[in-house]
Ligand code: DGJ
């Protein structure tokens, strides 16, 4: 952290600037968040930062301090809400700023009662990491925290909002609207972000798209209750038009601080770009990849047994499945739900984390050993936070449940109260032993219900806040005991896919659907925040179990390639052609994964609604791979030139169709002539490819092909 300051704070990194200056109360107020400022921009912005005095308004100009609330005339959603001794917190006064080129810490206090700290760090990818905390400085009273939100200003040209909603098997569906007066607030009170999580809120210039537009984006790195919003008041926010922000959503009495105690907000990540959604994505991916906890490459090819056998566990059959998996090139074999006591379906057993001796008379170690002998890692499913009433655990410890009403079962299960140390100790002990005894390399950590319990003094149940922190601690303790263990965050698919959980896990399961049409859309938008190596993506059978839509193998293979790839298919039902295709694809995944998991994600805008063009370009722009996908029929009879985004205009590239994923059927008589040559490899300039584009074939719906580009001028 830098040196004390009483003047403006200017943070600059990765092509982004954040500028703050003391307002008339001496509070740090936001002047600029966006494009990097030149030194001589700063005086001009500071000189013009005082707003007009408005009609029917405050008698002095408004500002937008980091802790905007009513005490200083802010009538929008407050940054800070707290109370002590039955009275709401008073006005905060600035007591200190410490800043350097990329960080700033602001300390604000209400007399001797509370200390609020706001921290900003601008990383080298230009992503701003913002956090706040509040500490009870009183000597006797309890301080109740209502909210601690991180808010940043938006200019008037940020006129459109894009965020997400969704459902089981349909996560991260985009929705757009215009910014208007009022609050566009997305809240989750589900105890997890939810299938309909806002995920990432982007506000941008009208019509912003993947490759164009200026965007201000916000993500909350938190896996419990939360809110994210864009808000505009007629009087603006100082000289700014609107506000974007996020925070944890706390229940009324959820966080009560004794004297000396502190509440830390989750981190809020803010990214600005003038290069469209891909520009925001690029910043987030670079930022996420620079975390010390980012999982190391290569990401092993997975086979997960869920859709192959469901609850029907049998050592011989699973051993055969493991052999087939090893034959096609799988590197991690994951045994899903159904291995523990009483778990013959989804109505019983959760909580009883002991290997079921009736199904596994020799224990799980036999299978694990065979999997390891075949050269694969062994993964195992758990759902530690949950319990079926029909379980020995629930019968023995009814007081361990989180406190949902008895008729609020969900998949016949309830949540455990992780704020009780005995509950965590039990889970830690059981998971730890099984990981050790069964040589588990990977856990698929599921979470299949919303949490409806709230803090309840009668039952003693804790709230979601404590539950979420206890979950993070539990994951950290397991990691400390088993440093090589990897964990996937799954929640009925992708209902808990956020950078909070990903600070403690190495992968998210984006969705329970392996239908490539659905998956393509889910991955496309999940990738806006999360780099593909963190997002599980599996090839399923021809008929998707979730939608019963049928898709050809090449389309399924191309789809699963653009993530942390895997297989969710009963390989014992595959014919030799399918197995050979999977083996070819597995080799291709291994060949391409340094590019896929280290390059820049790019997406083209100007294709018709039934088509998608997306790809990954390596940081040197020497190597790229693109998927040309048709999810639906087109309204037009041809495909005009399609730009392959992200290439170096000064380079020349050899373009070829990768045949390993299999042929894509066409809705035309013959391909554009250049593409016929591309089967051997044709050389084209980066400028033509990226600026002008190339005509691509009109594929039939449900088809996909892969183009690979390699720099030809070195
Ligand atoms: C829900 C998950 O999303 C599935 O992948 C599978 O693990 C089941 N739970 C198992 O019960």
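The values are calculated or read from the model by the stated rules, or taken from the named source; none is laboratory data. For clarity, every value in this text was computed on a predicted model and none was experimentally measured. Cβ atoms come from the backbone with ideal geometry, glycine included; neighbour counts cover every protein chain shown.
Quick look at the values:
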quantity: Single unsatisfied condition, residue 448 versus (1) within 16 Å of the ligand (Cβ to nearest atom); (2) surrounded by fewer than 24 Cβ atoms within 10 Å (Cβ to Cβ); (3) outside any loop (DSSP other than H, G, I, E, B); calculated: (3)
quantity: Among the candidates 540, 500, 493, residue that is outside the structural domain of residue 255 (by TED's automatic domain parsing) and more than 21 Å from residue 304 (Cα to Cα); calculated: 500
quantity: Search result, residues across the range 179-218 that are over 14 Å from the mean Cα position of the chain (by Cα), touching a residue at least 60 places away in the same chain (Cβ under 8 Å) and part of a loop (DSSP other than H, G, I, E, B); calculated: 179, 189, 190, 191, 208, 209, 210, 211, 212, 213, 214
quantity: Flag if residue 319 is surrounded by fewer than 20 Cβ atoms within 10 Å (Cβ to Cβ), more than 30 Å from residue 70 (Cβ to Cβ) and touching a helix residue (DSSP H, G or I) at 6+ places or on another chain (Cβ under 6 Å); calculated: yes
quantity: Qualifying residues in the range 372-390 (those that are assigned to a loop (DSSP other than H, G, I, E, B) and crowded, with 22+ Cβ neighbours inside 10 Å) - the one nearest to the ligand (Cβ to nearest atom); calculated: 383
quantity: Set 534, 557, 553: member being modelled with pLDDT of 95 or more, more than 16 Å from the ligand (Cβ to nearest atom) and within 28 Å of residue 292 (Cβ to Cβ); calculated: 534
quantity: Single match in 51, 29 (criterion: under 22 Å from residue 270 (Cα atoms) and either under 35 Å from the mean Cα position of the chain (by Cα) or part of a loop (DSSP other than H, G, I, E, B) (or both)); calculated: 29
quantity: Matching strands (runs of 3 or more DSSP E) fully within the range 519-604 where at least 2 residues are farther than 27 Å from residue 202 by Cβ; calculated: 535-539, 564-567
quantity: Residue 397 away from the ligand (no atom under 15 Å from the Cβ), closer than 25 Å to residue 191 by Cβ and assigned by TED's automatic domain parsing to the domain that holds residue 452; calculated: yes
quantity: Selected residue [closer than 17 Å to residue 128 by Cβ and in contact (Cβ under 8 Å) with a residue 12 or more places away in the chain] from 28, 78; calculated: 28
quantity: The range 219-229: number of residues that are part of a strand (DSSP E or B) and buried (at least 23 other Cβ atoms within 10 Å of the Cβ); calculated: 5
quantity: Residue check for residue 583: within 18 Å of residue 285 (Cα to Cα) and touching a residue at least 60 places away in the same chain (Cβ under 8 Å); calculated: no
quantity: All positions within the range 54-91 that are exposed (fewer than 13 other Cβ atoms within 10 Å of the Cβ) and assigned to a helix (DSSP H, G or I); calculated: 70
quantity: Qualifying residue in the range 486-499 (condition: more than 25 Å from residue 164 (Cα to Cα) and away from the ligand (no atom under 14 Å from the Cβ)); calculated: yes
quantity: Sole residue being touching a residue at least 60 places away in the same chain (Cβ under 8 Å) and more than 16 Å from the ligand (Cβ to nearest atom), chosen from 483, 541, 516; calculated: 516
quantity: Hey, residue 432 under 29 Å from the mean Cα position of the chain (by Cα) and over 13 Å from residue 350 (Cβ atoms) or not; calculated: yes
quantity: Breaking point among (1) buried (at least 22 other Cβ atoms within 10 Å of the Cβ); (2) in the same structural domain as residue 376 (by TED's automatic domain parsing), for residue 572; calculated: (1)
quantity: Members of the range 324-371 found to be more than 16 Å from the ligand (Cβ to nearest atom), surrounded by 22 or more Cβ atoms within 10 Å (Cβ to Cβ) and outside any helix (DSSP H, G or I), listed by number; calculated: 330, 364
quantity: Criterion violated by residue 410 - all others in (1) more than 16 Å from the ligand (Cβ to nearest atom); (2) surrounded by fewer than 22 Cβ atoms within 10 Å (Cβ to Cβ) satisfied; calculated: (1)
quantity: Answer from 529, 595, 534 - the residue that is touching a residue at least 24 places away in the same chain (Cβ under 8 Å), out of contact with any helix residue (DSSP H, G or I) (no Cβ under 9 Å at 6 or more places or on another chain) and under 27 Å from residue 271 (Cα atoms); calculated: 595
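For every residue, the table says whether it meets (1) in contact with a strand residue (DSSP E or B) (Cβ under 6 Å, 6 or more places away or on another chain); (2) over 30 Å from residue 549 (Cβ atoms); (3) in the same structural domain as residue 518 (by TED's automatic domain parsing).
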| residue | (1), (2), (3) |
| --- | --- |
| 620 | no, yes, no |
| 649 | no, yes, no |
| 672 | yes, no, no |
| 699 | yes, no, no |
| 702 | no, no, no |
